[in-house]
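Down below is the structure, laid out as structure tokens.
Where a number appears in this text, it was derived from the coordinates with a stated rule and is not lab data. Because the structure is a prediction, the values reported are computed rather than measured. Cβ placement follows ideal geometry from the backbone for every residue including glycine, while neighbour counts extend to all protein chains displayed.
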Amino acid sequence: IQLTQSPSSLSASVGDSVTITCRASQGISSQLAWYQQKAGKAPKLLIYAAVTLQSGVPSRFSGSGSDTDFTLTISSLQPEDFATYCCQQFNSFPLTFGGGTMVQIK
Amino acid sequence: HVQLQESGPGLVKPSETLSLTCTVSGGSISDYFWSWIRQPPGKGLEWIGYIYYRGDTKYNPSLKSRVSMSTDTSKNQFSLNLISVTAADTAVYFCVRGSGWFDPWGPGTLVTVSS
């Protein structure tokens with residue numbers, strides 16, 4: 001299953017709301033996770049099962065969608081949120097990741 | 001809380017075997033699935049495969065002919081072997097907990113394939 005993220009990069013300011021889209025090449029129900037990755041670091045799980053916030057993740061992060069179309073929204077961008085975000089499906093093997101969306105400071 | 005740490009050679013020669021170990025601390029490897037994921041420099045993430053603590057495995061078909069994984073419950077470790085490596089196997093290798101979504105992650109270790 002291929003996951004296509006858009007945009008591949010975006011520029012935003014602190015306080016902005018941003019939305020990242022992940023589209024699956026076939027239906028995956030709600031079996032999607034979102035990760036945040038900062039340069040030189042391991043990815044960090046943000047959301048699983050499309051909408052469930054991982055413990056300890058700020059509530060400004062939210063996920064929505066099902067079947068083939070999913071979104072990650074950051075409601076009020078904070079300085080520590082500038083990073084790359086990627087989606088991952090766990091509906092079928094092999095497990096696959098999207099190409100990533102880099103969120104940069106405007 | 002559970003922490004993972006990868007260990008192994010940072011440089012492997014072409015055609016040789018890449019071997020990495022992940023040590024789990026703060027919790028037992030029992031009752032969980034454990035995966036390996038890699039990320040070539042500047043590229044996206046690729047799931048390599050998972051192993052259940054009892055030894056059941058599932059591998060990415062793209063690597064299946066070259067990959068093997070194992071566990072050592074006495075040491076709370078699991079391992080990855082990748083044979084016949086080429087430059088295309090140069091990547092940061094992460095060990096992670098899970099077979100669906102992944103959490104937590106080890107910090108990753110860069111393995112370079114070069115003569």
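Summary of computed values
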{"item": "Test for B:L4: is it in contact with a Cys (Cβ under 8 Å, 6 or more places away or on another chain), within 11 Å of chain A (Cβ to nearest Cβ) and surrounded by 14 or more Cβ atoms within 10 Å (Cβ to Cβ)", "result": "yes"}
{"item": "Sole exception among (1) in contact with an Asp or Glu (Cβ under 9 Å, 6 or more places away or on another chain); (2) crowded, with 18+ Cβ neighbours inside 10 Å; (3) among the small types (G, A, S) for B:G49, by number", "result": "(1)"}
{"item": "Residue within the stretch B:71-81 that is surrounded by fewer than 17 Cβ atoms within 10 Å (Cβ to Cβ) and within 14 Å of chain A (Cβ to nearest Cβ) present", "result": "no"}
{"item": "Strands (runs of 3 or more DSSP E) lying entirely in the stretch B:53-102 (those with 1 or more residues that are under 11 Å from the mean Cα position of the chain (by Cα) and β-branched (V, I, T))", "result": "B:67-72, B:91-97"}
{"item": "Inter-residue pairs, beta-carbon under 6 Å, first facing chain B (nearest Cβ under 10 Å) and in the stretch A:38-51, second crowded, with 22+ Cβ neighbours inside 10 Å and of a type in the set (S, T, Y), 6+ apart", "result": "A:P43/A:Y35; A:L45/A:Y35"}
